[in-house]
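Enquirer: Just passing along the structure, written as structure tokens.
The values are calculated or read from the model by the stated rules, or taken from the named source; none is laboratory data. All values derive from a computational prediction rather than experimental measurement. Using ideal geometry, Cβ is built from the backbone for each residue, glycine included, and neighbour counts are taken over all protein chains shown. When the accessible area is computed, the model is the full protein with side chains, heavy atoms only, and any ligands, DNA or RNA have been set aside. Shrake-Rupley method; radii C 1.70, N 1.55, O 1.52, S 1.80 Å.
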Amino acid sequence: MVLYLNKITSIFTILILFFGSSFIPSVTTLSLQKKNQFEMTEVYDTVKKSNSLKIYDIQDGFGITFFLSNEGDDSIFNITIKIEAFGRFIKIQSPNLINLQELKAGQSEEFKIKLFGFGIGNPEEYARIKLNVTAPNINSMERIVLLNLVGKFVKIISVIINDEESFEGYTLFSPLYYFTTYLIDNSGEIVHKWKSNYIQNLQCYLLENGNLIRTGLPRINFYIPGGGITGRIEMFNWEGDLIWEFEYTNRQQCLNHGFEVLPNGNILMIAWEVKKYSEAIDAGRNPLMIPLGVLWPCYIIEVEPIFPEGGNIVWEWHIWDHLIQDYDSSKNNYGVVKNHPELVDINYGLGIGFTDWNHFNSLDYNEEFDQILISSHIQNEIWIIDHSTTTEEAAGHSGGRYGKGGDILYRWGNPQVYRAGSENDQMLFGQHDAQWIKDGFPGEGHITIFNNGLFRSKPPYSSVDEIIPPVDENGSYYLEPGSAYGPKEPIWIFTTDNPPDLYSPTMSSAERLPNGNTIICNANSGIFLEVTPEKEIVWNYKCLYPNFFKQVANINRYPLDYPGLGNFTKINVDINYEDKFMQISDVLNINTNLKNNFFLCYLRNLITVFD
């Protein structure tokens, strides 16, 4: 019987690992904000008009065809199209410089690029065709076509958009079920990478000292086999040497999802803790909502790293210390839920919330206010708490900079959790990656959220939402008695022209850039977007690594002058080989493909995990 249960647990664990954050039934709400308080103002009133010249319908076959379209009201003159080829063996057999004197309003023009060559390889060695389109008073546009080529026949693998309005820099990402973390430029070329021994990188950052910090899965924790499980955080220097590791996974606790590096070098981490049936009952949980006999509430630890291994836990905050319920009047935390928005109803949460009750999936830190921003997936809410408390104060309801101990200072997204709204008021649906917009960036102090849209509508769609929290200069949040926290609605929402195209039921991220653009990671499809405030896509990249699963939990963009950037070793082939002879090893790449085969790598990792 025990063996049978272990087999079921193993299968369940592997399914959880592959599907990431769970598909959790949502419950709904929207904020009622006091009029004339914290009014939303338009912060994007100086944005430039988007290009009227468009590139579209890039097709493969015998060569490459594409269209230019003038979607404006006036003619566009003196359009120049520059075409370049990069790869192992590829030659352009049509003009590589095209001048179009005029493209009238509403007119489209078709162009064809003839190619010849041979190139079939792994993603790092795909042949490339670069199209650069310029015209007076028009932002330049660039399309980078990654392709396989056999003679004159072209098979397009991916098209990268890299327009003039994109924020130039380097993008850091790590495929979820893979060992490598990549740093790419805006053209999609790998400029640096780091290799780990562990998969499940749900978050990674490049620090200003050049070190990479990332999560990993050292082994499967069969006692807490939840979606987003990690258990390990590790740090590499720029050269790729492992310089620090911290593991926190056992029968009672396990790290999951993300982390946040504080200005003093300490690290905030998300963890689960196991609460037994009797503990849940003592806290007022409805016994019908404990079907597996345990709960996994989330908590936060602050770790002071000890190099090269381990760390001291110097601060903790547990949601278990801030509960209320109106189910069992014999318990100490019994009360009127709607009168205590600073506490969380232990009996709220459906689906996997029966066990993984909160499923925190992101943290952010506000140094000015000394506050922590939490995304609580099951509650469909974001919460803000005080970090200035001691661990003892964080367990209570008084003390700290704001005098409320570890109670919730602000919450938004689903006011029905604290009985201040109905399902019609819900704004967040299984959200991820809530973060403050940095000082000096357009919208500074606002909060951006990747709103996954889980069970929001049919067909489902995701969006990136930006809100203005009702906070004063001291870090205190306004709440009108008897109502929900504001704002009533986001100030800015992005979704694609066909909303379901952006849908990602799990993970994903969004970050405001210094130029006002927003960079977005669609985790399930592995597609990265950069959009302008007027919602035009000016950079687009699809993850090509590894050769199988291409999910990416989140991404970060770093400016060209970021202090953490070291010397680059160019990974991609960036030489024009038109006049070079083709080598058979360049075509087949047998050794490289076998060495980097994802399935073999994943099997190796699973063997390590089950040891």
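Enquirer: Does any residue in region 378-406 that is in contact (Cβ under 8 Å) with a residue 24 or more places away in the chain come within less than 7 Å, Cβ to Cβ, of a residue that is among the basic types (Lys, Arg) six or more places away or on a different chain, and which pairs are these?
Expert: Filtered contacts from region 378-406: Glu381/Arg411; Ile382/Arg411; Trp383/Arg411; His397/Lys404.
Enquirer: From the list Tyr182, Tyr177, which one is within 19 Å of Ser525 (Cβ to Cβ) and modelled with pLDDT under 95?
Expert: Exactly one of Tyr182, Tyr177 is within 19 Å of Ser525 (Cβ to Cβ) and modelled with pLDDT under 95, namely Tyr177.
Enquirer: Any residue at all in region 188-209 that's assigned to a strand (DSSP E or B), open to solvent by less than 10 Å² (accessible area, probe 1.4 Å) and basic (Lys, Arg)?
Expert: Within region 188-209 (the criterion being assigned to a strand (DSSP E or B), open to solvent by less than 10 Å² (accessible area, probe 1.4 Å) and basic (Lys, Arg)), the answer is no, since none of the residues qualifies.
Enquirer: So, in region 102-137, how many residues would count as being among the hydrophobic types (A, V, I, L, M, F, W, C) and surrounded by fewer than 13 Cβ atoms within 10 Å (Cβ to Cβ)?
Expert: Final tally of qualifying residues: 1.
Enquirer: Here's something else I'd like to know. Go through region 121-141 and give me each residue that's farther than 29 Å from Phe153 by Cα and under 29 Å from the mean Cα position of the chain (by Cα).
Expert: Residue satisfying the conditions is Asn139 alone.
Enquirer: Looking only at region 260-274, count how many residues are part of a loop (DSSP other than H, G, I, E, B) and either open to solvent by 30 Å² or more (accessible area, probe 1.4 Å) or in contact with a Lys or Arg (Cβ under 9 Å, 6 or more places away or on another chain) (or both).
Expert: The number of residues fulfilling the criteria is 4.
Enquirer: Right, next: Counting only residues that are in a loop (DSSP other than H, G, I, E, B) and open to solvent by 10 Å² or more (accessible area, probe 1.4 Å), how many does region 226-259 have?
Expert: Number of matching residues: 9.
Enquirer: Can you confirm whether Gly486 is out of contact with any Asp or Glu (no Cβ under 9 Å at 6 or more places or on another chain) and within 24 Å of Gly403 (Cα to Cα)?
Expert: No: the conditions fail for Gly486.
Enquirer: Restricting attention to region 241-258, does a residue exist that is of a type outside the set (S, T, N, Q) and at pLDDT below 95?
Expert: Among the residues of region 241-258, at least one is of a type outside the set (S, T, N, Q) and at pLDDT below 95, which makes the answer yes.
Enquirer: Hey, among the residues in region 275-303 that are touching a strand residue (DSSP E or B) at 6+ places or on another chain (Cβ under 7 Å) and in a helix (DSSP H, G or I), which one's least open to solvent (accessible area, probe 1.4 Å)?
Expert: Ranking the qualifying residues of region 275-303, first place goes to Ala280.
Enquirer: Run Asn332 past the list (1) surrounded by fewer than 20 Cβ atoms within 10 Å (Cβ to Cβ); (2) more than 30 Å from Phe222 (Cα to Cα); (3) in contact with a Gly (Cβ under 8 Å, 6 or more places away or on another chain) and report the number of the one that doesn't hold.
Expert: That leaves (3) as the condition not met.
Enquirer: Could you list all residues from region 341-370 that are surrounded by 20 or more Cβ atoms within 10 Å (Cβ to Cβ), of a type outside the set (Asp, Glu) and either touching a Cys at 6+ places or on another chain (Cβ under 9 Å) or over 21 Å from Trp296 (Cα atoms) (or both)?
Expert: Correct list: Pro341, Trp357, Asn358, His359, Phe360, Phe369.
Enquirer: Then there's this: Would you say Gly311 is of a type in the set (Gly, Ala, Ser), buried (at least 17 other Cβ atoms within 10 Å of the Cβ), modelled with pLDDT of 95 or more and under 29 Å from Phe246 (Cβ atoms)?
Expert: Yes, satisfied.
Enquirer: Kindly list the number of the only condition in (1) touching a residue at least 24 places away in the same chain (Cβ under 8 Å); (2) part of a loop (DSSP other than H, G, I, E, B); (3) open to solvent by 40 Å² or more (accessible area, probe 1.4 Å) that fails for Gly445.
Expert: The failed condition is (3).
Enquirer: I need every pair where a residue in region 473-484 that is closer than 13 Å to Pro415 by Cα and open to solvent by less than 60 Å² (accessible area, probe 1.4 Å) has its Cβ under 9 Å from the Cβ of a residue that is of a type in the set (A, V, I, L, M) and part of a loop (DSSP other than H, G, I, E, B), sequence separation at least 6 or different chains.
Expert: Ser483/Leu32; Ser483/Ala420; Ala484/Leu30; Ala484/Leu32; Ala484/Ala420
For (1) of a type in the set (A, V, I, L, M); (2) touching a Leu at 6+ places or on another chain (Cβ under 8 Å), each residue gets a yes or a no:
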| position | (1), (2) |
| --- | --- |
| Ala280 | yes, yes |
| Trp296 | no, no |
| Glu309 | no, no |
| Trp317 | no, no |
| Glu342 | no, yes |
| Ile346 | yes, yes |
| His359 | no, no |
| Phe369 | no, no |
| Ile372 | yes, yes |
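Enquirer: Which of the residues belonging to region 81-101 are open to solvent by 70 Å² or more (accessible area, probe 1.4 Å) and either more than 23 Å from Leu68 (Cα to Cα) or among the charged types (D, E, K, R) (or both)?
Expert: Hits for region 81-101 are Lys82, Lys91.
Enquirer: Of the numbered conditions (1) touching a residue at least 24 places away in the same chain (Cβ under 8 Å); (2) out of contact with any strand residue (DSSP E or B) (no Cβ under 6 Å at 6 or more places or on another chain), Lys195 fails exactly one; give the number of that condition.
Expert: (2)
Enquirer: For region 416-434, what are the residues that are surrounded by fewer than 20 Cβ atoms within 10 Å (Cβ to Cβ) and assigned to a loop (DSSP other than H, G, I, E, B)?
Expert: Passing the criteria: Arg419, Ser422.
Enquirer: Now for a separate question. Output the number of residues of region 525-557 satisfying the condition of being over 23 Å from Trp492 (Cβ atoms) and open to solvent by 20 Å² or more (accessible area, probe 1.4 Å).
Expert: Total satisfying the criteria: 6.
Enquirer: Among the residues of region 356-415, write down those that are basic (Lys, Arg) and in a strand (DSSP E or B).
Expert: Passing the criteria: only Arg411.
Enquirer: Here is a follow-up. In region 39-51, is there at least one residue being more than 26 Å from Ile537 (Cα to Cα), acidic (Asp, Glu) and at pLDDT below 50?
Expert: yes
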